[in-house]
Amino acid sequence: MKLIFSAFTGKAIRRPAFILGLAAVSCLLPGNATAQIAPGYEVATWQGFKAAAVSYTFDDNTSKQLTVAVPLFDQYQFKTTLFTVTNWGPNWAALRAAAQNGHEIASHTVSHSSLNTLNVSNQDTELRQSQATIKSNIAGAQVLTVAYPNCNIGDVPTIQKYYIAGRVCSGQIVPRTPSNFYQISSLIAGSQGAVKTAADFNAQVNSAKNSNGWAVFLMHGIDNDGGYSPLASAVLADHLAYVNTHRADYWVATFANVVKYIKQRNAVAISESTITADSLQVTLQDNLDDQVYNMPVTVRRQLPNGWQGASVYVNRQLVASAVSTVNNTQYITFEAVPTGGEVHIANKKAVVAGVRSLKDIPGLSFSPNPFSGSLHLTAPGAFQYSLFSLSGQLLENGEATDSATVGAKLAAGTYLLKVQHKKTTGIGRVVKVD
């Protein structure tokens, strides 16, 4: 995977995943992966530089999981994983609705047979047909993970044919990089598990926070729906309210998405070159399958000296980024998927007071931005345009009606575009990449 960025990224929060030196370094990443990380860059251990990851998984498609439990997560926009037994009468319509809302529908085999009691051929049938049935009923479902019935793992080479990770029930917080992605631990909740109360749930996520780890909860029955180890929905509701209150600490995500993030975080390589003093070009790469590993990774970098801020463009579109101060040092942070799209980050200097944003000019469009070659402006009727360096030097100006092509003679860099249309004047930054 490859991603090109122009600019800078932000720096870290609690426990750095990767910290860089003064020259390109080779960092030994968790899980024995080695990647090159450019100086000043850091990849978050968990998305958003949260202190811990948390996943809530449900087994056996019991009746109140979809009607009672999932709505509790939806009110906070938390996403769950529903490990489904395909021969146990799943409510496919409700599962489709859950999947459309971002929940993961994953495999719990066809018949819930313990894999270790079956020969390899029958294990293959259970795993393959489970995945195929879910895909045929849930449009767009990848079905990348599996929960082993009764927590009994089967033949690993067979499991690896269909899934990127599997869940067991060993009752531990998962470290920031699991030693074995096919034996990821979970914490059993409900009357038969160690996690019975909201306080128990809260203690486990706090333990994950303190260790920079991943808490994976395993639930079955909800209230009195007849499922194994029933959990009171009121307990779950109290706990989720706690996580929501402390959501700055916790990244709540599906089981598959956390697995993807870990593998991408450990595989990503970052390099940087300077376009101008006000824009940087960065390349993100890894050696993973882009069709599977498509999670945004969170990156940050110290603001270059003299920069007053920054903006980030991914595939020529302005994206969300944040400048923060950590230990008296400013960083910019943003997210991007290492899949080959272009990213540009540019110095954000103060704009003259009293001049409005370009977006305030009715009907104005300017594209592409960033641009190579020239920039195309359109606005209804007559307008005037000017291009300035960030230091304020006028480089190009003119008048046009309805459209204009500008910037063809500019060198690569970041510029201020000023447009006057009728009684409105707007100004904004544009980036030329070659």
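Is it the case, given these coordinates, that Thr298 is modelled with pLDDT of 85 or more and in a strand (DSSP E or B)?
yes
Within region 420-434, how many residues turn out to be surrounded by 12 or more Cβ atoms within 10 Å (Cβ to Cβ), over 11 Å from Ala382 (Cα atoms) and more than 36 Å from the chain's Cα centre (by Cα)?
2
Residues Asn206, Asn244, Asn212, Asn257: which one is closer than 17 Å to Thr81 by Cβ, at pLDDT 95 or above and polar (S, T, N, Q)?
Asn257
For region 142-158, which residues satisfy the criterion of being over 20 Å from Phe217 (Cβ atoms) and either crowded, with 21+ Cβ neighbours inside 10 Å or touching a helix residue (DSSP H, G or I) at 6+ places or on another chain (Cβ under 9 Å) (or both)?
Gln142, Val143, Gly154, Asp155, Pro157, Thr158 - these are the residues of region 142-158 that are over 20 Å from Phe217 (Cβ atoms) and either crowded, with 21+ Cβ neighbours inside 10 Å or touching a helix residue (DSSP H, G or I) at 6+ places or on another chain (Cβ under 9 Å) (or both).
Given the residues Phe73, Phe78, which is the only one that is in contact (Cβ under 8 Å) with a residue 60 or more places away in the chain and closer than 26 Å to Ser136 by Cβ?
The unique qualifying residue is Phe73.
From the residues in region 306-322 that are surrounded by 16 or more Cβ atoms within 10 Å (Cβ to Cβ) and outside any strand (DSSP E or B), which one is modelled with the highest pLDDT?
Once the filter is applied, the top-ranked residue is Trp307.
If you take the residues of region 360-391 that are outside any loop (DSSP other than H, G, I, E, B), small (Gly, Ala, Ser) and modelled with pLDDT of 85 or more, which of them is surrounded by the most Cβ atoms within 10 Å (Cβ to Cβ)?
Among those that are outside any loop (DSSP other than H, G, I, E, B), small (Gly, Ala, Ser) and modelled with pLDDT of 85 or more, it is Ala379.
What residue, among those in region 392-419 that are at positive phi and surrounded by 17 or more Cβ atoms within 10 Å (Cβ to Cβ), is farthest from the chain's Cα centre (by Cα)?
Selected residue: Gly407.
Looking at this structure, is Ser121 in a helix (DSSP H, G or I), of a type outside the set (Lys, Arg) and either under 26 Å from the mean Cα position of the chain (by Cα) or at pLDDT 95 or above (or both)?
Taking the combined requirement at face value, the residue satisfies it.
Residues in region 197-212: is at least one outside any helix (DSSP H, G or I) and within 29 Å of Arg301 (Cβ to Cβ)?
Yes, because at least one residue in region 197-212 is outside any helix (DSSP H, G or I) and within 29 Å of Arg301 (Cβ to Cβ).
Before we move on, is Ala350 in a loop (DSSP other than H, G, I, E, B) and at pLDDT below 90?
yes
Scan region 258-280 and tell me whether some residue there is surrounded by 21 or more Cβ atoms within 10 Å (Cβ to Cβ), more than 23 Å from the chain's Cα centre (by Cα) and farther than 29 Å from Gly413 by Cα.
No; the residues of region 258-280 include none that is surrounded by 21 or more Cβ atoms within 10 Å (Cβ to Cβ), more than 23 Å from the chain's Cα centre (by Cα) and farther than 29 Å from Gly413 by Cα.
Is it fair to say Leu236 is part of a helix (DSSP H, G or I) and either touching a Leu at 6+ places or on another chain (Cβ under 9 Å) or of a type in the set (Phe, Trp, Tyr) (or both)?
Taking the combined requirement at face value, the residue satisfies it.
Any residue at all in region 257-269 that's more than 25 Å from Arg167 (Cβ to Cβ), touching a strand residue (DSSP E or B) at 6+ places or on another chain (Cβ under 9 Å) and not hydrophobic (A, V, I, L, M, F, W, C)?
no
Could you go through region 116-138 and let me know if any residue there is in contact (Cβ under 8 Å) with a residue 40 or more places away in the chain and touching a Gly at 6+ places or on another chain (Cβ under 7 Å).
No, that holds for no residue.
Condition test on Ser136, is it among the polar types (S, T, N, Q), part of a loop (DSSP other than H, G, I, E, B) and modelled with pLDDT of 95 or more?
So Ser136 does not fit the description; no.
Can you confirm whether Ser357 is surrounded by fewer than 18 Cβ atoms within 10 Å (Cβ to Cβ), modelled with pLDDT under 90 and either polar (S, T, N, Q) or not assigned by TED's automatic domain parsing to the domain that holds Ala165 (or both)?
Answer is yes for this residue.
Does Ala165 fit the bill of being in contact (Cβ under 8 Å) with a residue 24 or more places away in the chain, crowded, with 21+ Cβ neighbours inside 10 Å, more than 27 Å from Ala232 (Cα to Cα) and in contact with a strand residue (DSSP E or B) (Cβ under 6 Å, 6 or more places away or on another chain)?
The answer is yes for Ala165.
The values are calculated or read from the model by the stated rules, or taken from the named source; none is laboratory data. Here the structure is a predicted model, which means the values were calculated and not measured. Using ideal geometry, Cβ is built from the backbone for each residue, glycine included, and neighbour counts are taken over all protein chains shown.
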